[in-house]
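Single-structure report; data block below.
The values are calculated or read from the model by the stated rules, or taken from the named source; none is laboratory data. Fair warning: this is a prediction, and the values are worked out from it, not measured in the lab. Note that each Cβ is placed from the backbone with ideal geometry, even for glycine, and that neighbours are counted across all protein chains shown.
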Ligand SMILES: [Zn+2]
């Protein structure tokens with residue numbers, strides 16, 4: 001008798017997700033408020049050991065823990081697949097939520113808490129599927145390199161990027177990877193569309209430093225660092241970046257146009273209507289039509305009557321893949337004389353083939369559960385750890401399958417208040433993930 005991988009017991013996946021949420025792994029970057037991933041890594045390792053696996057923990061620095069596990073495939077001729085999640089989450093402010101963001105509450109059919117969609121949901125789905133492989137004795141077709149990374153929310157410096165730089169051998173033999181953010185459903189008209197992520201924009205976090213002449217606030221000063229910085233930041237914030245439709249975005253909008261009958265032209269109104277037709281996914285897709293650069297931090301000065309000698313700001317820029325250098329130069333030009341521009345964290349964007357066999361397997365796994373669905377590619381406006389793996393020649397896709405209610409605002413959940421995920425979506429995703437890994 002053959003085992004149907006999708007017939008696994010999914011009844012514990014919601015509680016597993018909630019248990020991971022209860023381990024606060026808030027990532028404030030290099031700030032001492034950061035809560036290291038180690039306790040969550042220990043939880044994952046204990047879980048996996050309970051099913052007879054032998055995972056390893058690798059710390060990039062004390063407490064910043066990554067978990068790695070290799071699982072043999074039934075077909076040793078196939079290259080390995082990396083299946084990864086991250087253990088850290090962005091911080092949450094209790095007052096902004098209707099529930100405690102770290103209580104891991106399950107109510108009204110949802111798991112609530114920081115990490116419910118980003119991405120302790122996938123961590124829990126991965127663990128559930130691995131547990132089932134052990135209990136019912138089935139194997140993935142490809143060898144798996146299962147990774148639970150630290151520090152994704154601060155660019156992976158102590159997580160995926162660190163492992164790629166210091167332990168590339170961990171990923172030897174892998175050609176492809178799956179992780180966040182894709183495989184979720186949106187409703188376009190009456191049609192359920194599963195959005196498979198097949199590319200990411202670049203990322204460039206820039207510091208702008210203005211220096212001028214310090215002095216008394218009552219005196220004439222034509223070289224005020226704050227004034228210079230404010231002008232530069234306002235030029236950058238107001239910049240209208242040109243439309244730049246990549247192959248992935250063009251393919252997606254063509255599909256939306258066919259489904260809705262809306263025209264696909266370069267007219268801004270037509271484009272806005274196509275993007276809006278994607279409902280909750282619109283904020284993800286709307287940010288992929290062009291490069292974006294948002295000023296996000298400002299600092300300077302320490303007293304009302306003192307003109308400071310320096311002032312600084314941070315800009316979060318997300319360039320269209322392939323235009324990273326050009327976009328950086330545009331910021332330097334907009335900043336102008338007397339402002340030093342430097343990069344804090346940069347990553348290069350990418351697009352990967354949508355006609356690859358692995359995409360066909362993702363589609364088959366999804367459509368076996370929802371035969372009326374269709375799939376579409378999209379470019380992610382944010383970044384994931386897939387970018388770090390790209391430097392090892394590993395092609396990354398976003399595949400965290402979730403069948404979502406039409407009125408559920410998925411994109412608002414990411415780093416948002418009252419982050420939550422439907423229990424039914426977790427169970428669906430676990431079945432699809434099992435079916436995908438077996439195929
Ligand atoms: Zn994430």
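Number of residues in the stretch 88-128 that are over 23 Å from residue 434 (Cβ atoms) and in a loop (DSSP other than H, G, I, E, B): the value is 16. Scanning the stretch 252-285 for residues that are under 21 Å from the mean Cα position of the chain (by Cα) and touching a residue at least 40 places away in the same chain (Cβ under 8 Å) turns up 252, 278, 279, 280, 281, 282, 283, 284, 285. If you filter the stretch 159-182 down to residues that are assigned to a loop (DSSP other than H, G, I, E, B) and within 15 Å of the ligand (Cβ to nearest atom), you find that the one that is surrounded by the most Cβ atoms within 10 Å (Cβ to Cβ) is 159. All conditions but one from (1) at pLDDT 95 or above; (2) within 16 Å of the ligand (Cβ to nearest atom); (3) surrounded by fewer than 21 Cβ atoms within 10 Å (Cβ to Cβ) apply to residue 314; the one that does not is (2).
Has the stretch 193-215 got at least one residue that is out of contact with any strand residue (DSSP E or B) (no Cβ under 8 Å at 6 or more places or on another chain), more than 16 Å from the ligand (Cβ to nearest atom) and outside the structural domain of residue 392 (by TED's automatic domain parsing)?
no
Determine, yes or no, whether residue 92 is within 16 Å of the ligand (Cβ to nearest atom) and either at pLDDT 95 or above or in the same structural domain as residue 170 (by TED's automatic domain parsing) (or both). Yes: the conditions hold for residue 92.
Against the list (1) in a loop (DSSP other than H, G, I, E, B); (2) at pLDDT 95 or above; (3) within 14 Å of the ligand (Cβ to nearest atom); (4) under 23 Å from residue 45 (Cα atoms), the condition residue 148 fails is (1). Residues that are touching a strand residue (DSSP E or B) at 6+ places or on another chain (Cβ under 9 Å) and assigned to a loop (DSSP other than H, G, I, E, B) do occur in the stretch 6-26.
Looking only at residues in the stretch 380-423 that are part of a strand (DSSP E or B) and more than 15 Å from the ligand (Cβ to nearest atom), the one that is surrounded by the fewest Cβ atoms within 10 Å (Cβ to Cβ) is 395.
Looking at 111, 83, 117 in this structure, which one is away from the ligand (no atom under 13 Å from the Cβ) and within 24 Å of residue 358 (Cα to Cα)?
Numbers: 111 fails: within 24 Å of residue 358 (Cα to Cα); 117 fails: away from the ligand (no atom under 13 Å from the Cβ).
On inspection, the qualifying residue turns out to be 83.
Listed conditions (1) in contact (Cβ under 8 Å) with a residue 60 or more places away in the chain; (2) assigned by TED's automatic domain parsing to the domain that holds residue 67 are all met by residue 165, apart from (1). Scanning the stretch 129-145 for residues that are in a loop (DSSP other than H, G, I, E, B) and either within 16 Å of the ligand (Cβ to nearest atom) or surrounded by 22 or more Cβ atoms within 10 Å (Cβ to Cβ) (or both) yields 140, 142.
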